[in-house]
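Peer 1: Got a structure for you, questions after.
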Amino acid sequence: MSTVRRALAALDRDAAGRSMMDLAADLYPIPRSLTGDGVRATLERIGSRIPLQIHELPTGTPVLDWTVPREWKSREAWIRDPSGHRVVDLADHNLHLVGYSVPVHCRLSLNELRPHLHSLPEQPALIPYRTSYYVETWGFCLPHRLLESLPDGEYEVFIDASLGDGSMTWGECLLPGSTTEEVLISSHVCHPQLANDNLSGIAVAVHLAEALAAVPERRYSYRFLFAPGTIGAIAWLARNRERLDTFRHGLIAANLGDCGAFHYKKSRRGDAGIDRAVAAALAELGEELVTEDFFPFGYDERQYCSPGFDLPVGVLTRTPWGQYPEYHTSADDLSFIRADALAGSLAAYLATAAVLEDGLGAAEGGQKGAVHSGSVARSERARSQRSDNDRCYRNLEPFGEPQLGRRGLYGGLGGAGRKEREMAMLWVLNQSDGQHSLGDIAERSGLPAGVIRDAADALSEAGLLEAL
Ligand code: ZN
């Protein structure tokens, strides 16, 4: 029996569950964002429990196709109604202010104010979570029924915030094993005051690190990454590009405190060691597991599983993002997560580590460019069935996602089919490694062939894609 397996057998689920709830409660009120003191305070609390190395990367540093953004600091933000009453106040809830809002102090009519107010008509009692990291604007989030009750008249808006040169912060905890082969556990740390989508992943990762640190012998080295979403993973990949040959297995930890069944999104490869290990571990625990094939949106698997890196990284959650009504709203609070669910999640991660330590998937290389025999066979088959006007492309920015917003390809104005067009671009970028034609991508993504073709045209025009 490996020592990790013994740690799993000895796990006191009640105590661990309580401890994870305490950590989540401790972190809950901290105003986190992509950058700034909220992330630093969060990492400080994590670092008081496990050995954490803090990294600060200055604003403007190029990382893959991206640049480290300006640092955002928010101090005070409120709206006063015509009678002078503060109807929305950041001091009441961190979700009230759109993340990365620029400073403003002005008086304006309700009609002028409305475009800056975000609410959920379908869930009128809840505050939504909104950010605007890469488009300069300001805004407030509030319950729809409060929005509906606002009288006409002159409003005063005040946001004391700053966007300036600073840095982006992340933390890493490395637990060396008897080999330098690494297992990565990655959690984002950028969500303010949201429990399941964010704090549950952090709590499980911290407790997994504590449990593994207490184990006398480990074959693998375990690296825990606590970084802001997207840009944090991109920065980490940019800074660690040269040493990814030690990368063996990776998991993204999020949405682990609700009472839903376990859900596993496979790595891009689909048959990596981690994909087999998670299935084996959950079966051993007798837990129900729903698995899903890789798709190129979601959390930071979008970056780790970009075609240039193609790292064996999966996402082990309970109910996936976007699939529970509390997701990204004020209802994802501490009452939504449960100690027993967190403890079960910790056991699932520990069991996965035990399976890995036992050697399942040990032969798996993490190195980029290692195309799997299974996927080669699949693509050979696909190629022989390809019609004459079907084409293959190569992604010219295959390391991480290229920043589409900067090229006018993402976000911006809405309009019918915008989301579908954006998804089509992500599919085309992720799958265009010379092995998959547009026809293959249309079939795999379930998107209309015309939409996939248009996406390929737009990406080619932007210089991101080359026809083969
Ligand atoms: Zn989220």
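Peer 1: Computed over the Cα atoms, what is the radius of gyration of the chain divided by 2.2 N^0.38 Å, N being its residue count?
Peer 2: Numbers: Rg = 22.7 Å, N = 468, 2.2 N^0.38 = 22.8 Å.
Against the compact-globule rule of thumb, the ratio is 1.00.
Peer 1: Points 7 angstrom from Cα along the Cβ direction at Gln53 and Arg394: gap in nanometres?
Peer 2: 3.4 nm
Peer 1: Heavy atoms only, 1.4 Å probe, whole protein assembly: order Lys266, Lys73 by accessible area, highest first.
Peer 2: Working: Lys266 55, Lys73 80 Å².
Order by accessible area, largest first: Lys73, Lys266.
Peer 1: Nothing charged except the Cβ atoms of Lys and Arg (+1) and of Asp and Glu (-1): what's the magnitude of the dipole of region 1-85 about its Cα centre? Round to the nearest 20 debye.
Peer 2: 220 debye
Peer 1: Quick one: net charge around Ala281, please, counting Lys, Arg +1 and Asp, Glu -1 for every other residue with C-beta under 12 Å from its C-beta.
Peer 2: It works out to a net charge of -3.
Peer 1: Could you work out the mean projected area of the convex hull around the alpha carbons of region 227-342, in square nanometres to one decimal? If you can, show how the numbers build up before the last one.
Peer 2: Values: hull surface 31.2 nm².
In nm², the orientation-averaged hull projection of region 227-342 is 7.8.
Peer 1: Another question about this same structure. Given Met20, Thr230, Ser119, which one lies farthest toward the positive end of the charge dipole of the chain, if we put +1 on the Cβ of every Lys and Arg and -1 on the Cβ of every Asp and Glu?
Peer 2: It is Thr230.
Peer 1: Under the rule a/c < 1.5 gives rounded, and otherwise a/b versus b/c splits prolate from oblate, where does region 187-293 land using the Cα gyration tensor?
Peer 2: Verdict is rounded for region 187-293.
Peer 1: In addition: Under a Cβ-Cβ cut-off of 11 Å, what is the net charge of the residues other than Leu150 that fall near it, where Lys and Arg count +1 and Asp and Glu count -1? Walk me through the intermediate numbers first.
Peer 2: Values: positive: Arg114, Arg145; negative: Asp81, Glu148, Asp152.
Residues near Leu150 contribute -1 overall.
Peer 1: OK, next. Provide the FRET efficiency to the nearest 0.05 for the Thr137-Leu289 pair, computing r from the beta carbons and using R0 = 41 Å. Provide the component values of the computation, followed by the final result.
Peer 2: Details: r = 41 Å, r/R0 = 1.00.
Using R0 = 41 Å, I get an efficiency of 0.50.
Peer 1: About the Cα centre of the chain, how large is the charge dipole given +1 on each Lys and Arg Cβ and -1 on each Asp and Glu Cβ? Please answer in debye to the nearest 20.
Peer 2: Rounded to the nearest 20 debye, it is 640 debye.
Peer 1: Still on this structure, please answer the following. 222 nm [θ] for the chain, helices only, -39500 (n - 2.57) per DSSP H run of 4+, per residue, to 500?
Peer 2: Helices in the chain give a 222 nm mean residue ellipticity of -9500 deg cm²/dmol.
Peer 1: So, with +1 on the Cβ of K and R and -1 on the Cβ of D and E, and no other charges, what is the size of the charge dipole of region 1-146 about its Cα centre, to the nearest 20 debye?
Peer 2: Once rounded to the nearest 20, the dipole reads 200 debye.
Peer 1: Between region 253-290 and region 28-90, how many Å separate their Cα centres?
Peer 2: Cα centroid of region 253-290 versus Cα centroid of region 28-90: 31 Å apart.
Peer 1: How charged is the neighbourhood of Tyr220? Take every other residue with its Cβ under 10 Å from the Cβ of Tyr220, and add Lys/Arg as +1 and Asp/Glu as -1.
Peer 2: Neighbour charge sum, excluding Tyr220 itself: +1.
Peer 1: Quick check on the chain: of the DSSP beta bridges with both residues there, what percent are antiparallel, nearest 5%?
Peer 2: 65 percent
Peer 1: Next question. Could you bin all the Cα-Cα distances of region 1-136 into 5 Å bins starting at 0 and give me the percent of pairs in each, rounded to whole numbers?
Peer 2: 2, 7, 12, 15, 15, 13, 11, 9, 8, 4, 2, 1, 1, 0
Peer 1: Subtracting the Cα-Cα distance from 0.36 nm times the residue separation, let me have the gained length for Leu108 to Ala261 in nm, one decimal.
Peer 2: Full extension from Leu108 to Ala261 adds 50.3 nm.
Peer 1: Roughly how much of Ser48 is accessible, in Å² to the nearest 10, using a 1.4 Å probe?
Peer 2: Looks like 90 Å² after rounding.
Peer 1: Right, another one. Between region 395-457 and region 117-160, what is the separation of their alpha carbon centroids in Å?
Peer 2: Going from one Cα centre to the other spans 31 Å.
Peer 1: Sum up the lysine pairs in the chain that clear both bars: alpha-carbon distance under 25 Å and a spacing of 8 or more or different chains. Could the numbers behind the result be given before it?
Peer 2: Values: Lys265/Lys368; Lys265/Lys419; Lys266/Lys368; Lys266/Lys419.
Pairs that pass both the separation and distance tests number 4.
Peer 1: With every protein chain in place, what's the accessible area of Ile185 (1.4 Å probe, Å², nearest 10)?
Peer 2: For Ile185, solvent-accessible area is about 10 Å².
Peer 1: Note down the relative contact order for region 68-187 as a percent, whole number, built from C-alpha pairs under 8 angstrom at least six residues apart.
Peer 2: Here the relative contact order equals 38 percent.
The values are calculated or read from the model by the stated rules, or taken from the named source; none is laboratory data. What you are looking at is a predicted structure, and each value in this text was computed from that prediction instead of being measured. Every residue, glycine as well, gets a Cβ built from its backbone with ideal geometry; the counts of neighbours run over all protein chains shown. The protein model used for the area step is the full one, side chains on, heavy atoms only, and it has no ligands, DNA or RNA in it. Shrake-Rupley method; radii C 1.70, N 1.55, O 1.52, S 1.80 Å.
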